[in-house]
There are 2 protein chains.
Amino acid sequence: MIQKLDRTECDSALQALDGWTYSRDGDAITKTYKFKSFVMAFGWMSSAAILAEKADHHPEWFNVYNRVDVTLTTHDCDGLSARDFALAKKFDAI
Amino acid sequence: MIQKLDRTECDSALQALDGWTYSRDGDAITKTYKFKSFVMAFGWMSSAAILAEKADHHPEWFNVYNRVDVTLTTHDCDGLSARDFALAKKFDAI
């Protein structure tokens with residue numbers, strides 16, 4: 001069972017990230033990435049997809065042209081877990 | 001200027017496709033693709049992304065795990081054009 005983080009733990013983890021905010025009443029985190037072009041946006045998504053699969057933790061994401069909206073949550077715990085913050089950090093590092 | 005198709009033209013073009021339906025009051029078409037896994041879903045998206053870039057016409061799409069929701073519309077004509085149906089056909093052929 002994956003442990004759901006409490007709000008204090010989430011606040012602390014969120015502060016360590018750049019540009020991520022809560023969504024879904026605090027049960028998810030979200031960020032919009034903008035790129036120079038569709039090719040750059042999808043290139044980023046391709047890298048992110050590989051990291052997500054490697055982590056066995058997958059984003060909910062929407063892309064239109066140069067924009068990618070990413071939402072992370074952990075269905076197994078109905079909220080946020082350390083997995084979400086770890087993947088967010090990897091996405092930011094791409 | 002890209003020509004916006006009228007409803008009769010859209011109806012005819014839509015009938016030639018498989019599983020696509022109107023959305024946004026008929027100004028867009030949409031389809032949900034389901035795959036066996038995230039890897040299969042993103043593999044399909046990678047192929048679709050290349051075809052989209054080649055056609056210089058890009059989808060609005062949402063992915064969560066093995067599901068991809070695709071919406072096509074032509075912003076330049078505020079509705080549906082032949083480009084949308086051509087790309088939909090290519091997406092189905094992948």
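Modelled label positions at residue A:55 and residue B:25, each set 7 Å beyond Cα in the direction of Cβ, lie 4.0 nm from each other. Summed over both chains, the accessible area lost when A and B associate is about 1400 Å², using a 1.4 Å probe. Interface burial in the range B:55-83, defined as at least 10 Å² less accessible area with all protein chains than with the chain alone at a 1.4 Å probe, covers B:58, B:59, B:60, B:61, B:62, B:63, B:64, B:65. Based on protein heavy atoms only, chain B ends up with 54 Å² per residue of surface accessible to a 1.4 Å probe.
Overall, the accessible surface of chain B at a probe of 1.4 angstrom is composed of carbon and sulfur to the extent of 51 percent.
Across the cross-link table entries A:89/B:89; A:31/B:36; A:4/B:36; A:90/B:34, which are compared at the Cα atoms, the separations over 31 Å belong to A:89/B:89. Sparsely packed loop sites in chain B (the trypsin sites (Lys or Arg not before Pro) outside DSSP H, G, I, E and B with at most 10 other Cβ atoms within 10 Å) comprise B:36.
The values are calculated or read from the model by the stated rules, or taken from the named source; none is laboratory data. Note that the coordinates shown come from a computational prediction; the quantities given were computed from them, not determined experimentally. When we count neighbours, we look across all protein chains shown, and the Cβ atoms used for this are built from the backbone with ideal geometry, even at glycine. Side chains are part of the model used for accessible areas, which takes the heavy atoms of the whole protein and leaves out ligands, DNA and RNA. Shrake-Rupley method; radii C 1.70, N 1.55, O 1.52, S 1.80 Å.
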